1. Any idea how many residues of region 1-29 are more than 18 Å from LEU112 (Cβ to Cβ) and under 11 Å from the mean Cα position of the chain (by Cα)?
2. Output the qualifying pairs, or none if there are none: Cβ atoms under 6 angstrom, residues six or more apart or on different chains, first residue in region 40-59 and touching a residue at least 24 places away in the same chain (Cβ under 8 Å), second residue among the acidic types (Asp, Glu).
3. Counting just the residues of region 94-124 that are crowded, with 17+ Cβ neighbours inside 10 Å and more than 13 Å from the chain's Cα centre (by Cα), which one comes out modelled with the highest pLDDT?
4. So, in region 30-54, exactly how many residues are closer than 22 Å to ASN82 by Cβ and either buried (at least 19 other Cβ atoms within 10 Å of the Cβ) or touching a His at 6+ places or on another chain (Cβ under 7 Å) (or both)?
Amino acid sequence: MAMKLMIVDDHAVFRHLIRQVVATTEDTVLECVSADDALKCVGVFKPDCVTMDLHMPGMNAFKAIREIRESHPKVRVLVVSNHDESELRRAAAEAGATGYVSKENLSELFLLAAPHRLSAGPANRDNN
């Protein structure tokens, strides 16, 4: 089953890596370089899942997560960060994030982003 994925990260390398780990050839992916960009696009794009870096220029990521979840409560928002600290995990959960993954463990994103893919597994899919 295809999904709509929004990747929010100010580093092109990480956007590319997240796309490679999460997206299949059937998925539609929109990349945003900031939380501000994500908020401008979320209403039109209507993603199933958003991956959100915490440390980017512009709007605070926690505020963006809150706004996305308030306006689109069914969207899964997954924090993807270099900083794996318990206080950041707690703040992300309080903001409405449905998951938190360290950039060192991007493989964890595949099933968190699309739980319906449980039977497919990362090894049984096509990469973009």
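The values are calculated or read from the model by the stated rules, or taken from the named source; none is laboratory data. These figures come from a predicted structure and were not determined experimentally. Ideal geometry is used to build each Cβ from the backbone, glycine not excepted, and the neighbour counts take in all protein chains shown.
1. Residues that pass the stated criteria total 0.
2. The qualifying pairs are ASP53/ASP9; MET56/ASP10; GLY58/ASP36; MET59/ASP36.
3. Ranking the candidates gives ALA95 first.
4. 10
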